[in-house]
1. Tell me, yes or no, whether region 230-239 has at least one residue that is touching a residue at least 60 places away in the same chain (Cβ under 8 Å), in contact with a Gly (Cβ under 8 Å, 6 or more places away or on another chain), basic (Lys, Arg) and within 30 Å of Ala153 (Cβ to Cβ).
2. Among the numbered criteria (1) modelled with pLDDT under 85; (2) under 33 Å from the mean Cα position of the chain (by Cα), which one does Glu73 miss?
3. Considering only helices (runs of 4 or more DSSP H) fully contained in region 220-329, which possess at least 2 residues that are of a type in the set (Phe, Trp, Tyr) and in contact with a helix residue (DSSP H, G or I) (Cβ under 9 Å, 6 or more places away or on another chain)?
4. Based on this model, can you work out whether Arg156 counts as surrounded by fewer than 20 Cβ atoms within 10 Å (Cβ to Cβ), under 24 Å from Ser112 (Cα atoms) and touching a strand residue (DSSP E or B) at 6+ places or on another chain (Cβ under 8 Å)?
5. Exactly one condition in (1) of a type in the set (Lys, Arg); (2) under 27 Å from the mean Cα position of the chain (by Cα); (3) closer than 18 Å to Arg183 by Cβ is false for Lys127; which is it?
6. Scan (1) of a type in the set (Ser, Thr, Tyr); (2) closer than 23 Å to Met46 by Cβ; (3) in contact with a Lys or Arg (Cβ under 9 Å, 6 or more places away or on another chain) for the single condition Thr333 breaks and write down its number.
7. Checking Phe394 against (1) assigned to a helix (DSSP H, G or I); (2) touching an Asp or Glu at 6+ places or on another chain (Cβ under 9 Å); (3) modelled with pLDDT of 80 or more; (4) of a type outside the set (S, T, N, Q), which test does it fail?
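The values are calculated or read from the model by the stated rules, or taken from the named source; none is laboratory data. What you see is a predicted model; the values in this text were computed from it and never measured. Here the Cβ positions follow ideal geometry from the backbone for every residue, glycine too, while neighbour counts run over all protein chains shown.
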Amino acid sequence: MIFSPFERMVAMRYLRPRRQEGFVSVIAGFSFLGIMIGVATLIIVMSVMNGFRVELLGRILGLNGHIAVLAPEGPMRDFDSVAEAVRRIPGVVVATPIVEGQVMATAGGKASGALVRGIRRDDLLKKATIADNLVMGSLDRFEGRDALILGDALARRLGVAPGMSVTLISPDGYQTVMGSVPRSKTFTVEAVFKIGMYEYDNSFIYIPLDAAQIYFRLPDEVSSIEVMVEDADRVAAINRAIRETVSGRPLRLFNWQESNSSFFSALEVERNVMFMILTLIIVVAAFNIIAGMIMLVKDKGRDIAILRTMGATRASIMRVFFLSGASIGVVGTLAGLLLGLVFCAEIETIRQWLQTLTGTKLFPDEIYFLAQMPAEVEPMEVVKVTAMAFGLSFLATLYPSWRAARLDPVEALRNE
């Protein structure tokens, strides 16, 4: 649609109403604010939901692997040969034997439940989620039978640091004439890690594989083999390749999509529902544009009649009012787009500032799992939100513009 200089001049004039037309201006202002806030809110909320998914997926898979290979029943024997065969499959990055068990960790009179994982030092160094996120100590002495590393939240709960001791108590104890006696062993803390996901930082402990096999009484056995692949979305194909490679052994395979399907499905449902609910803000703002433009048309009846008698066509009148109404939506959408992107870029800084201002802890990691508020802006999603806002703004101006174009000049002048 091409607008003449005359149509642009009149449309912009109608966007700056006189003092007696202040109520129309108020409605236009609220329409502008509604569209701006709606677009910004949609971009921010969708980006935070995307950030949640990306961060949780990265931390969950970085710690648990993409595929778990287990024996049909109980621990797995001859695990090194299975791991070596899996490593040779194209697309597999690492295959790590793991011993896993639940314990009670105690230190200085404090106790907490924990999940212990036994892993070789070389394999632990390949786990970037752990190796690259040490906040105290190092992995240089992660060997032998008494070394241990643990999460930052668990270390603070127990009040320990590198060089201090932690006692692990297993409920699967020794049988004596007096009944079952829990097994306990003291380990030395070598390092503390913080991956930024509270659930893991508060409950995970790593010890050398040999020490774990002795502690959990699994000589020459492991609980499972964790497999990391190059492309997390191709785990189904890697699953089939593993079964074909080790077809002579009965094994159970679980990939991350099967293990976490309900969790990520819930996130997706929540994301879609939030999108639908927040879209209503833009819809309401569009209705405000309709109301404001109808009032403007009614108020400008005499002007429309004069323009028509001076030679302005119905199409020209329609374009004038279309441009007036659409300008509110376009400017509001662009302002909301800018506000949303700036907010997403500085969301963690804003959170910290609000925490300082209110004196309350916003987004607590023990509830939301992550230590920082994530925001991942997807360009195509931003384009869809912007296009939707533009579309609603244009649609909202069609009826008032058509009504202005259909106004009879004689009737308009007679009613004045």
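1. The answer is no, given that none of the residues of region 230-239 is touching a residue at least 60 places away in the same chain (Cβ under 8 Å), in contact with a Gly (Cβ under 8 Å, 6 or more places away or on another chain), basic (Lys, Arg) and within 30 Å of Ala153 (Cβ to Cβ).
2. Unmet for Glu73, out of (1) modelled with pLDDT under 85; (2) under 33 Å from the mean Cα position of the chain (by Cα): (2).
3. Where helices (runs of 4 or more DSSP H) fall fully within region 220-329 and carry at least 2 residues being of a type in the set (Phe, Trp, Tyr) and in contact with a helix residue (DSSP H, G or I) (Cβ under 9 Å, 6 or more places away or on another chain), they are 261-299.
4. No, not satisfied.
5. (3)
6. Status for Thr333: all satisfied but (3).
7. Unmet for Phe394, out of (1) assigned to a helix (DSSP H, G or I); (2) touching an Asp or Glu at 6+ places or on another chain (Cβ under 9 Å); (3) modelled with pLDDT of 80 or more; (4) of a type outside the set (S, T, N, Q): (2).
Every residue, every condition in (1) in contact (Cβ under 8 Å) with a residue 24 or more places away in the chain; (2) buried (at least 17 other Cβ atoms within 10 Å of the Cβ); (3) touching a His at 6+ places or on another chain (Cβ under 6 Å), yes or no:
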{"position": "Leu56", "(1), (2), (3)": "yes, yes, no"}
{"position": "Gly65", "(1), (2), (3)": "yes, yes, no"}
{"position": "Glu73", "(1), (2), (3)": "no, no, no"}
{"position": "Met76", "(1), (2), (3)": "yes, yes, no"}
{"position": "Val82", "(1), (2), (3)": "yes, yes, no"}
{"position": "Arg88", "(1), (2), (3)": "yes, no, no"}
{"position": "Gly91", "(1), (2), (3)": "yes, no, no"}
